[in-house]
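The values are calculated or read from the model by the stated rules, or taken from the named source; none is laboratory data. Because the structure is predicted, anything quoted here is derived from the model rather than measured. All Cβ positions, glycine included, derive from the backbone under ideal geometry; neighbour counts span all protein chains shown. Surface areas here come from the heavy atoms of the whole protein model, side chains and all, with no ligands, DNA or RNA. Shrake-Rupley method; radii C 1.70, N 1.55, O 1.52, S 1.80 Å.
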Amino acid sequence: KSVLLGDPVQSLPAVTKVEVGSGIACALGQDKRAYCWGNDALAPIPWPGEVDAIDVSVGRRDHQIRASGACIVRRGGRVECGLPGSARAIKGVESATSVAAGNAFACAILADRTVKCWGKRDSGQLGDGRPPITTTLESVPLP
């Protein structure tokens, strides 16, 4: 079934935030759950685990790096990225206040106001021009 502009998303509770990416969308529900749909799922799939999401972001999905599909921040600042059912916690990001996902990379603002990023950097995504992929967190200096 194709979705037309203006069609309501089926089975989605009241939300406080919606993020749309390439083939995926996620919402932060008032019930503190994250819900994602797209990539063959027409109905929203709740992000598994505790009901404590405080932020959600999506980017263009890259099949080489699962972290770019969607990311959520849980109460307490832990970041998880991927897709519901295949998400993983990002080690070293336990105090995030917000998160953003891009084309095969993601960044989080931590409680101490520093920014940490991970994923591809072959097109300048992380601002350092070094080789293609990092699975370790990179500190990104802000101007």
Going through the range 10-45 one residue at a time, which ones are among the acidic types (Asp, Glu) and at negative phi? 19, 31
Of the numbered conditions (1) within 25 Å of residue 11 (Cα to Cα); (2) modelled with pLDDT under 90; (3) exposed (fewer than 15 other Cβ atoms within 10 Å of the Cβ), residue 25 fails exactly one; give the number of that condition. (3)
Could you grab me the full set of residues in the range 28-48 that are open to solvent by 50 Å² or more (accessible area, probe 1.4 Å), of a type outside the set (Asp, Glu) and under 25 Å from residue 76 (Cβ atoms)? 30, 32, 33, 45, 46, 48
From the residues in the range 70-95 that are part of a strand (DSSP E or B), open to solvent by 10 Å² or more (accessible area, probe 1.4 Å) and in contact (Cβ under 8 Å) with a residue 12 or more places away in the chain, which one is farthest from residue 51 (Cα to Cα)? 88
